[in-house]
Amino acid sequence: MARETKTARLLKKTCLSESAQCYHFEFAIEDLESFDFKAGQFISTVAVDPTGKTQTRAYSIASAPSKNRFELCVNRVEGGFFSNHLADLADMPVGDTLQVHGPYGHFVLQQPVTDAIFVATGTGIAPMRGFTQWLFPEDGPDRSEGKQIWLVYGTRHESEVYYSDYFEALAKKYPNFHYISTLSRAQESWTGNRGYVQQYVEEIVKIRGGGANIPDDTPKDQLPEFSIYTYICGLNNMVSAVRTMLASHGWHKKQIVFERYD
């Protein structure tokens with residue numbers, strides 16, 4: 001059964017990286033005063049391809065709820081119909097529309113708020129931006145409750161570090177928010193961190209702890225209230241590597257919330 005779609009109108013478009021062909025889009029849902037979703041969820045976009053077939057693609061929302069608006073972070077993928085369809089919106093006038101349905105997904109912050117490690121690569125940064133906007137809103141009270149929040153963000157090249165100005169400003173404003181970016185294919189001129197995200201996550205874990213050393217088959221009603229969670233979004237190899245590393249430090253599978261996009 002086909003889901004009812006909503007019409008989203010393009011309000012603003014920004015190129016985040018020319019070399020990676022990555023774009024940031026801001027949309028408003030027509031005919032709605034409020035578009036209700038939880039930070040970290042995704043929407044499905046719908047369009048008809050050149051053969052007449054209806055295509056659907058899921059994209060994490062790159063913002064926290066704000067009236068009837070939502071934002072996306074999309075990079076062009078060679079041979080991918082929908083990524084190219086959306087990327088081509090960058091060449092079209094503001095005001096163009098997109099059909100969407102949702103929101104969906106369980107990649108959301110656990111409640112109550114706890115210490116947290118956010119781990120992302122590439123456009124997996126999108127839901128992390130939503131998380132941080134919800135925790136540290138510009139026009140509302142701080143929802144982080146003083147919990148320690150780490151964001152570890154890995155990409156290949158310096159040109160692919162998205163939203164760095166926002167995260168760096170957030171880290172300066174809030175002492176309990178810590179931003180770490182790292183490049184796996186950095187040029188010699190790069191003065192920041194190098195390597196893969198898991199090595200920096202492991203450094204945090206060694207200092208902060210968090211592994212409860214509880215068997216994964218422990219009944220849900222016998223689990224303790226965890227004081228820290230890790231949220232991971234990116235390609236499968238990275239997600240698997242971080243999960244394996246955390247398990248080696250005694251983290252329970254329920255402490256690890258993840259979403260893969262391949």
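Test Thr218 against the criterion of being over 20 Å from the mean Cα position of the chain (by Cα) and not charged (D, E, K, R), and give yes or no. The answer is yes for Thr218. Residues in region 224-259 that are in contact with a Leu (Cβ under 7 Å, 6 or more places away or on another chain) and within 25 Å of Thr155 (Cβ to Cβ): Thr230, Ile256.
Might you check whether a residue that is in a loop (DSSP other than H, G, I, E, B), among the hydroxyl-bearing types (Ser, Thr, Tyr) and crowded, with 21+ Cβ neighbours inside 10 Å occurs anywhere in region 21-42? No - not one qualifying residue is present in region 21-42. Restricting attention to region 228-252, the residues that are under 16 Å from Asp115 (Cα atoms) and either of a type outside the set (Ser, Thr, Tyr) or surrounded by fewer than 18 Cβ atoms within 10 Å (Cβ to Cβ) (or both) total 5. Quick one: is Glu225 in a helix (DSSP H, G or I), surrounded by fewer than 15 Cβ atoms within 10 Å (Cβ to Cβ) and not assigned by TED's automatic domain parsing to the domain that holds Cys15? Criteria not met by Glu225. Flag: Ile207 matches the condition of being of a type in the set (A, V, I, L, M, F, W, C) and loosely packed, with under 14 Cβ neighbours inside 10 Å. Candidates in region 125-141 are the residues that are among the charged types (D, E, K, R) and more than 18 Å from the chain's Cα centre (by Cα); of these, the one that is surrounded by the fewest Cβ atoms within 10 Å (Cβ to Cβ) is Asp139. In region 180-215, of all residues being in a loop (DSSP other than H, G, I, E, B) and of a type in the set (D, E, K, R), the one that is farthest from the chain's Cα centre (by Cα) corresponds to Glu188. Considering region 142-168, and only residues there that are under 16 Å from Arg129 (Cα atoms) and acidic (Asp, Glu), the residue that is nearest to the chain's Cα centre (by Cα) turns out to be Glu160. Counting the residues of region 121-179 that are assigned to a helix (DSSP H, G or I) and either among the polar types (S, T, N, Q) or not assigned by TED's automatic domain parsing to the domain that holds Cys233 (or both) gives 5.
The values are calculated or read from the model by the stated rules, or taken from the named source; none is laboratory data. What you see is a predicted model, and the numbers here were worked out from it, not measured in a lab. Note that we place each Cβ from the backbone using ideal geometry, even for glycine, and neighbour counts take in every protein chain shown.
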